[in-house]
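The values are calculated or read from the model by the stated rules, or taken from the named source; none is laboratory data. Just so we're clear, the structure is a prediction, and the values are computed from it rather than from any experiment. A quick note on method: Cβ atoms are made from the backbone with ideal geometry, for glycine too, and the neighbour counts reach across all protein chains shown. Side chains are part of the model used for accessible areas, which takes the heavy atoms of the whole protein and leaves out ligands, DNA and RNA. Shrake-Rupley method; radii C 1.70, N 1.55, O 1.52, S 1.80 Å.
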Amino acid sequence: MKEPKKIYEKVVVQNPYLKVSEKRYEDENGNISSFLITWHNREKTIWTFVLPITQDWEILYLKEYRYWPEDFVINFPVWMLDDWVDEIENCKRELKEETWYFSEEIEFLWESIIENYFEWKVLYYIAKNCKKISNQDLEIWENIWVFKTSISEFEKMISDWKVLSSKTAYCFLLAKLKKYFSFLKGKF
């Protein structure tokens with residue numbers, strides 16, 4: 001059996017964070033296979049994930065279009081941490097860009113690794129007393145809708161499998177475990 005011959009390679013995405021190449025190979029029978037290869041342009045990748053709570057104790061959440069699974073996904077604001085920005089400032093910036101809300105009360109919840117990539121991690125935060133300050137400031141490729149709901153309704157969305165992002169559900173559960181919602185006894 002002969003090794004497949006590479007017949008095509010092209011970079012399809014290149015930015016400061018990510019590089020994606022398409023490669024095509026032809027086997028000895030003339031069958032062509034195509035692969036997308038992804039690299040992150042950093043040695044270590046850190047994501048900040050922030051659960052926003054308004055002054056009226058409503059959760060802000062996003063419905064973002066994702067190219068896989070070709071649908072809208074419920075999420076909290078999340079972004080790769082830039083080398084020159086500290087974690088809290090990154091949370092504030094993403095909160096403002098994606099939701100048009102702002103908070104000075106951002107607290108660390110926890111951190112986790114991303115699956116089995118030990119050099120990648122997610123930092124989870126909660127933003128309390130979020131106030132609307134402006135309009136969304138999205139990148140051209142972002143398709144994001146902002147919604148508000150009660151804490152109990154968001155928990156129901158998780159249990160009804162409407163929130164399919166494990167990191168979104170995990171962030172919510174971290175806040176619940178740390179008793180951020182405990183004063184709402186009887187309502188939650």
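For the range 122-157, a residue qualifies if it is part of a helix (DSSP H, G or I) and surrounded by 16 or more Cβ atoms within 10 Å (Cβ to Cβ), and the qualifying residues are 151, 154, 155, 157.
Residue-level check: of (1) without any contact (Cβ under 8 Å) to a residue 40 or more places away in the chain; (2) of a type outside the set (Gly, Ala, Ser); (3) in contact with a strand residue (DSSP E or B) (Cβ under 6 Å, 6 or more places away or on another chain), residue 158 misses just (3). All conditions in (1) on the phi < 0 side of the Ramachandran plot; (2) out of contact with any Leu (no Cβ under 8 Å at 6 or more places or on another chain); (3) at pLDDT 80 or above hold for residue 140, with the sole exception of (3).
Going through (1) outside any strand (DSSP E or B); (2) open to solvent by 20 Å² or more (accessible area, probe 1.4 Å); (3) at pLDDT below 90 one by one, residue 72 falls short only on (1). Tell me which residues, restricted to the range 73-98, are of a type outside the set (D, E, K, R) and within 26 Å of residue 181 (Cβ to Cβ). Listed by number, the residues that qualify are 73, 74, 75, 76, 77, 78, 79, 88, 90, 91, 95. Looking at 179, 167, which one is within 16 Å of residue 51 (Cβ to Cβ), exposed (fewer than 13 other Cβ atoms within 10 Å of the Cβ) and modelled with pLDDT of 80 or more? Result: 179 is the single residue among 179, 167 that is within 16 Å of residue 51 (Cβ to Cβ), exposed (fewer than 13 other Cβ atoms within 10 Å of the Cβ) and modelled with pLDDT of 80 or more. A search for C-beta distances below 9 Å between a residue of the range 77-94 that is among the aromatic types (Phe, Trp, Tyr) and any residue that is surrounded by 14 or more Cβ atoms within 10 Å (Cβ to Cβ) and modelled with pLDDT of 85 or more, counting only pairs 6+ apart in sequence or on different chains, returns 79/48; 79/49; 79/90; 79/91; 79/93; 79/94; 79/97; 79/98. Set side by side, the residues 65, 61 differ, and just one is modelled with pLDDT of 90 or more and either open to solvent by 70 Å² or more (accessible area, probe 1.4 Å) or not β-branched (Val, Ile, Thr) (or both), which is 61. Among the residues making up the range 114-133, those that are more than 17 Å from the chain's Cα centre (by Cα) and at pLDDT 85 or above are 128, 129, 130, 131, 132, 133.
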